[in-house]
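Visitor: I have a structure here, written as structure tokens, and I will follow up with some questions on it.
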Protein chains: 4
Amino acid sequence: MPNKQRFLKTPIEPFRVEPNLSAEDVLARMERISFQGRNLATAYRVWQKMLESGATIFLGMAGALSAGGLRLVVAHLIEHRYVDCFVSTGANLYHDLHEIRGRRHFVGSPVENDGALQDARIDRVYDTYADEEEFCENDEWIAQFATTLECRPYTTREFLYRLGEHLWREYQQDGILTAAYRANVPIFCPAIADSSLGMGLSQARHERPGSGQVDVIGDIIESANIVIRRPQTASIVLGGGTPKNFINQASVQAEFFDDRVGGHRFALQIVTDVPQYGGASGSTLDEAKSWGKIATDAEQVTVHADATIAMPLLVSALASSCDERLRTRQRPTFDASGRVLVVDGRPLPDARYEERS
Amino acid sequence: MPNKQRFLKTPIEPFRVEPNLSAEDVLARMERISFQGRNLATAYRVWQKMLESGATIFLGMAGALSAGGLRLVVAHLIEHRYVDCFVSTGANLYHDLHEIRGRRHFVGSPVENDGALQDARIDRVYDTYADEEEFCENDEWIAQFATTLECRPYTTREFLYRLGEHLWREYQQDGILTAAYRANVPIFCPAIADSSLGMGLSQARHERPGSGQVDVIGDIIESANIVIRRPQTASIVLGGGTPKNFINQASVQAEFFDDRVGGHRFALQIVTDVPQYGGASGSTLDEAKSWGKIATDAEQVTVHADATIAMPLLVSALASSCDERLRTRQRPTFDASGRVLVVDGRPLPDARYEERS
Amino acid sequence: MPNKQRFLKTPIEPFRVEPNLSAEDVLARMERISFQGRNLATAYRVWQKMLESGATIFLGMAGALSAGGLRLVVAHLIEHRYVDCFVSTGANLYHDLHEIRGRRHFVGSPVENDGALQDARIDRVYDTYADEEEFCENDEWIAQFATTLECRPYTTREFLYRLGEHLWREYQQDGILTAAYRANVPIFCPAIADSSLGMGLSQARHERPGSGQVDVIGDIIESANIVIRRPQTASIVLGGGTPKNFINQASVQAEFFDDRVGGHRFALQIVTDVPQYGGASGSTLDEAKSWGKIATDAEQVTVHADATIAMPLLVSALASSCDERLRTRQRPTFDASGRVLVVDGRPLPDARYEERS
Amino acid sequence: MPNKQRFLKTPIEPFRVEPNLSAEDVLARMERISFQGRNLATAYRVWQKMLESGATIFLGMAGALSAGGLRLVVAHLIEHRYVDCFVSTGANLYHDLHEIRGRRHFVGSPVENDGALQDARIDRVYDTYADEEEFCENDEWIAQFATTLECRPYTTREFLYRLGEHLWREYQQDGILTAAYRANVPIFCPAIADSSLGMGLSQARHERPGSGQVDVIGDIIESANIVIRRPQTASIVLGGGTPKNFINQASVQAEFFDDRVGGHRFALQIVTDVPQYGGASGSTLDEAKSWGKIATDAEQVTVHADATIAMPLLVSALASSCDERLRTRQRPTFDASGRVLVVDGRPLPDARYEERS
């Protein structure tokens, strides 16, 4: 009989309830329970290790988490440089812009009569409402802003820097776009055409021929060049979608030009989708290894949970324990203000992949 | 145009990160975000109201949460009387017994080679392992204990009281069964035949004819009589399964004999299953209203989350804020030691539904 | 470099659309696509092999599939002996009884106002309605029937045989219970206490002391003895729940007394639940191997799908191709009419596990 | 008491098994069962009505359904004009190109050792494999092709037409891209930057400055102009993702310029994601009504199922019953070959929204 002891090394430690536990305490007591609770506690340790490692940390976010109340969590992560590069759906940035501009989202019900909402021109995102007229006004504001830019293609990274800058100047409000602008953290939005940001850009084009051009292929090159410049990378993904694949694709594309790359060294995803139907959103991190998106020996963890539960607990704990890690971490510096992104003081190549000298 | 203001009353308040937040702080900051995070914060408020209301609180638990590290959370809830009556699958009680008897579950991997585990006689529950030989030894221990009981049918409530008593005398260890014994909180296990507890009872019968008899129909009567005696009730369910329906069925059955009943006044469920396939585990609390399981005006909330994430946060916060509520709450008292359950000092009818005088 | 050809043997064959395909054609063309479509095609082949193998085939069904329109599919499977032994939740048998008695379920909406349904005394199961008053009348009918039985514990298998017999005599209608009675196929209902069947039995007890006794521990022994008698077994499970575990437990319990058993030789499950939260309903068949529930070398397949989609297609195809297989298969014969179940002409031991001579 | 009869009109008709049923028969017998089976039968009727209605039918596809064996189903739908306009993720088009070029995907296992796959340079998509070296060679082929195009931005619609044309000329193989080219059906790929198609374009840029430009904002304008030109539209979505929102956004954007639009008249989605976490992929069609994406009185149905099960059955049945409907339907004609799309013989405006005259 095989030695069973090799499988039975670490006993489960049941969670012990006590008054006045901190977020950090709660996560610490979840480390040796099971299922997704354990995975969330592991995510906490993996993120801490990312911060200690010198890796460039990509954060991706899909879903409607910005409208759903996590936009200032992400802004905090960007401002304090828990992460170095943000990849988002258009909607998350648009809902952030909405609140930076002083509008609000509202507590609603998932079982409201949608015909009545339509009559009242209220847009619903599950249990959250927004005023459709304010959304239309945002689109015009974005179009207006976009017509002030040069008539040339902008990578989404450059466009979003300019947008953050404009928002900060106009409103001085915290948010993802303004935090990224102020911290000089690049944001990519590969599916910008599938969002109200894209709709605003299309209205700019309608109003002023030649405006509203985005260069999403340029984004691919730039994101891979970030990896080539600093081949140690980490991936944090909330909710799958285009950000998840775009971050992984950057690593694969980079390796094509530089064999030091070898996939993300750390990977953490908080997803609600499942792998069984073959879609990328729910795919496992093991599957990502077959593609070389993630290093075979990466530290990795998947948490199957709604980010609106997992992130408040996780980031509250990180905020309590990572002060020193944030202060001393070897993170990249960016200048995201120009047509060409500057990393650690040196511009990336223009419209080309960086090749090893 | 309809007045849109009636839909846009309460703005979303994005979660603000800060160091050193307590579990309670974290939940408080989740109250006005969206999706399941908001629902978890609502669950916190609903549970507090349950404690203030004088309702008899039923807790149901399915899944493998006991092996998975939540058994001492449940023991805490029972000991401190956050809940009054516990309904469980057999497995959750069996895994509790396993640890009360000094055995352990172990941290494992969800992608282990199961053939190798089988060779080593390790049983896997997703990412958690147990020693199969220890499980077999438990079964014999249960059979041995069951042969010491009288040769008559026992409701699971009476059987589990005796089991808890025996475990406490032998081992003096905290756990669900020992906490319920010591706090005189009744436990029902309607699907005991579908568990290793039932297997142990079947081995008792094999060894000693006439032993190992359970009266699960008696459990139905007794659980409904608890509701008839005190028609104000609340339901908390972790994970669906037979406990969810059994708790609801008690209310429906009780109403059949006493029209004061009218469904649970409060309902809180933390589930991972979804309604779309028609099963009871994932069914909504609204659907339960059509059956009269839950009062039409009940305060209710469903949290779509793994209980191993939701419960540590939720119960930690309750432990910080409910001291006074627990001290002053009007809860039922039980004597669960006899063939007939005694509620608030008066025995329930024997093998009959209690009818209004 | 490792030889990649060992991984790249069988090309995907894209599904080719054509008019007038039969159910069997459709499944045949799904054999070499991917994801759950491929799994459903594999399920078709695995079931065919079960029929050729001489294995005793257990079918388990949870969820509300009987109300949901699959009761005559199951009746067909029982009548034509695609399966040999049926394990069910109480609800599925109760909803079958409801229709055998001439009542109906109704097409409804999953987003109806449940308060209005409650006022009208309509019970909702997702998108399906039933008349609550008819349900109450069923309960009384069951209670009435149960009071005509002897005042002794009945295994659910014996009770359900008697119930099927009574239904057949009274109504002569097709259904699960009547098909099982006529085909002498045993039905087990381990969680009968968690259903309206159990509620009916409890009302029998209320009306006539000593009636309404079920011996669910006896069911454990009997189900394991079926496996001991014919150690080659197969498991088909729709929807998880107590039937899934009860069928697996029979195998484990049997092996305890007879080492020829060794787990089910074939396993097929159609589930909507997922493994990530540790519950048995969603657990993988690989996990079941670690427990010895399923043979390490079993032919197995999990289909992640709603059975209301998967079963019509799957069983229609089986009905077209399995005539000869059904005619020649070596299936067990039962006499389920007595206190002791008779298998292949020989009674099982009374209240004892069968031990190898 | 309210009249219960208004809720109890249409009885459930249990599915009756019979040999030799066709796909169409199976769906017909599923019309009055419950849950997702009923929804799939409803989807069949809704699609038939779309074909009869004169609506322009958009089909969106996310997930990995092309690699997973559904690419020739989609090609069939395009060729025979069950649909008029296709919106896809980049991956689905890339995997289609892979097979048009004579490469294959392969039957694999979802539990393979991914390290071993990585060593062998095999890429895994759940249970399906592909040769990574062939993928790299595709990327170069795409890059090579893209460098032959003019150095100006192409909408994805124009680029994909050219790509389909080139593939057809080189390989004469059936597929999505070649079918769309031959049928002059426009394809949009709003998130092309998040795919290997985008990676190929980025390599074109690397090789030849000024190449590899896509104008995804132009796609927004063009897709909305298709709706403005023919305001009656229908939406069919497989799997959520960017195609789902892009098709809905076209309707919303169109309505901004033409108040005849009013949302899709028909909507059918086959999804595996759920609404509870707020993401657009799993969002309900009711939610879409609040936004005006779908008409308040639209005929709509959501099927919660893996498309690899639902589509073979659904499209086989359509192929058997829709010959006449396809022949007589009033569908739009396109010329997708130029920089400006031509609809029903009239070019759409260049870089502007069409405004009502």
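Visitor: Cα axis of helix D:35-53 to longest principal axis of chain D: angle in degrees, 0 to 90, nearest 10?
Guide: 70
Visitor: Please work out the Cα convex hull volume for the protein assembly as shown and give it in Å³ per residue.
Guide: Working: hull volume 229.1 nm³, N = 1428.
It comes to 160 Å³ per residue, whole-number rounded.
Visitor: Per residue, how many Å² of accessible area does segment B:16-172 show with a 1.4 Å probe?
Guide: Working: 4420 Å² over 157 residues.
On a per-residue basis, segment B:16-172 sits at 28 Å².
Visitor: Given N residues in segment B:228-286, what is its alpha carbon radius of gyration divided by 2.2 N^0.38 Å? Spell out each step's value before the answer.
Guide: Details: Rg = 12.0 Å, N = 59, 2.2 N^0.38 = 10.4 Å.
For segment B:228-286, the normalised Cα radius of gyration is 1.15.
Visitor: Could you run the numbers on buried accessible area between B and D, total for both chains, 1.4 angstrom probe, in Å² to the nearest 100?
Guide: Details: alone 16820 and 16850 Å², together 32870 Å².
Protein heavy atoms only, the B-D interface buries about 800 Å².
Visitor: At 20 °C and 1.002 mPa s, grab the translational diffusion coefficient of segment C:245-324 from Stokes-Einstein with a Kirkwood Rh over Cα pairs, rounded to a whole number in µm² per second.
Guide: Numbers: Rh = 13.9 Å.
Result for D is 154 µm²/s.
Visitor: Determine the calculated [θ] at 222 nm for chain B from helices alone, applying -39500 (n - 2.57) to every DSSP H run no shorter than 4 residues and normalising by the residue count; nearest 500 deg cm²/dmol. Could you put the intermediate results ahead of the total?
Guide: Numbers: 14 runs with 161 residues, N = 357.
Calculated mean residue ellipticity at 222 nm is -14000 deg cm²/dmol.
Visitor: Past the 27 Å Cα-Cα mark, which pairs from A:K289/C:K293; A:K9/C:K293; B:K293/D:K293; A:K293/C:K4? Before the final figure, lay out the partial values.
Guide: Details: A:K289/C:K293 32 Å; A:K9/C:K293 24 Å; B:K293/D:K293 37 Å; A:K293/C:K4 19 Å.
Flagged as over cut-off: A:K289/C:K293; B:K293/D:K293.
Visitor: Around A:G63, which amide H atoms from residues at least 5 apart in sequence, or from another chain, sit under 5 Å from its own amide H, with H modelled in the peptide plane?
Guide: D:A280
Visitor: Can you find, among B:I12, B:L77, B:G200, the residue sitting farthest towards the positive end of the charge dipole of chain B, where Lys and Arg contribute +1 and Asp and Glu -1 at Cβ?
Guide: In chain B, that residue is B:I12.
Visitor: Chain C: which residue's Cβ hugs the C-to-A rotation axis most tightly, distance rounded to whole Å?
Guide: Closest Cβ to the C-to-A rotation axis, residue and whole-Å distance: C:V274, 3.
Visitor: Right, next: Calculated FRET efficiency, B:D259 and C:Q173, Cβ-Cβ r, R0 35 Å, to nearest 0.05? Before the final figure, lay out each step's value.
Guide: Values: r = 34 Å, r/R0 = 0.97.
Using R0 = 35 Å, I get an efficiency of 0.55.
Visitor: I'd like the Karplus ³J(HN,Hα) series for segment C:166-171: coefficients 6.51, -1.76, 1.60, θ = phi - 60°, whole numbers in Hz, and an x wherever there's a Gly or Pro.
Guide: Each residue of segment C:166-171 in turn: 4, 5, 5, 5, 6, 10 Hz.
Visitor: Output ³J(HN,Hα) for segment A:189-205: one whole-Hz value per residue in order, computed from phi by the Karplus curve 6.51 cos²θ - 1.76 cosθ + 1.60 with θ = phi - 60°, and x for Gly and Pro.
Guide: 9, x, 9, 4, 5, 9, 5, 5, 4, x, 4, x, 5, 5, 6, 4, 4
Visitor: Same structure, new question: Would you tally the net charge around B:A23, using a Cβ to Cβ cut-off of less than 12 Å, leaving B:A23 out, and scoring K and R as +1, D and E as -1?
Guide: Values: positive: A:R29, B:R29; negative: A:E18, A:E24, A:D25, B:E24, B:D25.
Surrounding charge for B:A23 is -3.
Visitor: A further question follows. From the label point of B:C136, set 7 Å from Cα along Cα→Cβ, how far away are the matching label points in the other copies, in nm, ordered shortest to longest?
Guide: In nanometres, ordered from closest: 5.2, 5.3, 7.4.
Visitor: Please determine, in degrees from 0 to 90 and to the nearest 10, the orientation of helix B:241-257 with respect to the longest principal axis defined by the Cα atoms of chain B, where the helix direction is its Cα long axis.
Guide: 80
Visitor: Hey, rough spin-label estimate for C:E355 and D:E137, points 7 angstrom out along Cα→Cβ, what's it come to in nanometres?
Guide: 6.7
Visitor: Further, regarding this structure: Averaging over every viewing direction, what projected area does the convex hull of the Cα atoms of segment D:27-171 cover, in nm²? Before the final figure, lay out each step's value.
Guide: Working: hull surface 47.6 nm².
Across all orientations, segment D:27-171 yields a mean hull projection of 11.9 nm².
Visitor: To one decimal in nm, how far is C:V340 from the same spot in the other copies, if labels go 7 Å from Cα toward Cβ? Please give the shortest first.
Guide: 3.8, 9.2, 9.2
Visitor: Using 1/(1 + (r/R0)^6) with R0 = 60 angstrom and r between the beta carbons of B:R327 and A:R152, what's the FRET efficiency to the nearest 0.05? Mind dumping the intermediate values first?
Guide: On the way: r = 70 Å, r/R0 = 1.17.
Efficiency at R0 = 60 Å is approximately 0.30.
Visitor: To the nearest whole number, what is the average tally of beta carbon atoms from other chains within 10 Å of the beta carbons of peptide D:297-304?
Guide: On the way: counts 1, 0, 0, 0, 0, 2, 3, 8.
So the per-residue partner count for this stretch is 2.
Visitor: Computed from the mean reciprocal separation of all distinct C-alpha pairs, what Kirkwood hydrodynamic radius does segment C:52-128 have, in Å? Mind showing how you got there, number by number?
Guide: Values: mean 1/r = 0.0710 Å⁻¹.
Computed over segment C:52-128, the radius equals 14.1 Å.
Visitor: Taking the Cα atoms only, what angle lies between the long axis of helix C:307-321 and the longest principal axis of chain C, rounded to 10 degrees?
Guide: The angle comes out near 70 degrees.
Visitor: Report the equivalent ellipsoid semi-axes for chain C in whole Å, largest first, defined as the square roots of five times the eigenvalues of the gyration tensor built from alpha carbon atoms. Please list the in-between numbers first.
Guide: Values: eigenvalues 230, 144, 68 Å².
Gyration-tensor ellipsoid for chain C: 34, 27, 18 Å.
Visitor: Something else about it: Under the convention of a label 7 Å out along Cα→Cβ, give the distances in nm from A:L326 to the same position in every other copy, shortest first.
Guide: Label-point distances to the other copies, shortest first: 3.4, 6.0, 6.8 nm.
Visitor: Amide H to amide H, which residues 5 or more places from C:V214 or on other chains are under 5 Å from it, using H placed in the peptide plane?
Guide: Here B:V216, B:I217, C:Y154 satisfy the definition.
Visitor: Using a 1.4 angstrom probe on heavy atoms only, work out the carbon and sulfur share of the accessible area of the protein assembly as shown in %.
Guide: Numbers: 18120 of 42540 Å².
After summing per-atom areas, the C and S share lands at 43 percent.
Visitor: Beyond 24 Å, how much of the Cα-Cα pair distribution for segment A:158-314 remains, as a whole percent? Intermediate results must be reported in sequence, preceding the final value.
Guide: Details: 5369 of 12246 pairs.
In whole percent, the long-distance tail amounts to 44.
Visitor: Let me ask you something else. Using modelled backbone amide H atoms (1.01 Å from N, in-plane), which distant-in-sequence or interchain residues come within less than 5 Å of B:F188's amide H?
Guide: HN-HN under 5 Å from B:F188: B:F86, B:V87, B:S88.
Visitor: Let me ask something else. Given the convex hull of the Cα atoms of segment A:148-230, what is a quarter of its surface area in nm²?
Guide: 5.8
Visitor: Take chain A, mark every one of the GluC sites (Glu not before Pro) that falls in a DSSP loop and has at most 16 other Cβ within 10 Å, then report the longest stretch left between them, sites excluded. Kindly include the intermediate steps, with their values, before the conclusion.
Guide: Details: sites that count: A:E150, A:E355.
Looking at chain A, A:151-354 is the longest stretch - no exposed GluC sites (Glu not before Pro) with at most 16 other Cβ atoms within 10 Å.
Visitor: If you don't mind, another one. From the phi angles alone, apply the Karplus equation (6.51, -1.76, 1.60; θ = phi - 60°) to segment C:127-139 and give each ³J(HN,Hα) in whole Hz, x where the residue is Gly or Pro.
Guide: 10, 9, 10, 8, 8, 4, 5, 5, 4, 4, 5, 4, 4
Visitor: With every protein chain kept in place and ligands, DNA and RNA left out, what is the accessible area per residue of segment D:242-309? Probe 1.4 Å, answer in Å². It would help to have the intermediate numbers written out before the result.
Guide: Numbers: 1670 Å² over 68 residues.
Using a 1.4 Å probe on heavy atoms only, each residue of segment D:242-309 averages 25 Å².
The values are calculated or read from the model by the stated rules, or taken from the named source; none is laboratory data. All values reported here derive from a predicted model rather than from experimental measurement. Glycine also receives a Cβ, built like all others from the backbone with ideal geometry; neighbour counts cover every protein chain displayed. To get the accessible areas, we keep the full protein, side chains included, count just its heavy atoms, and leave off ligands, DNA and RNA. Shrake-Rupley method; radii C 1.70, N 1.55, O 1.52, S 1.80 Å.
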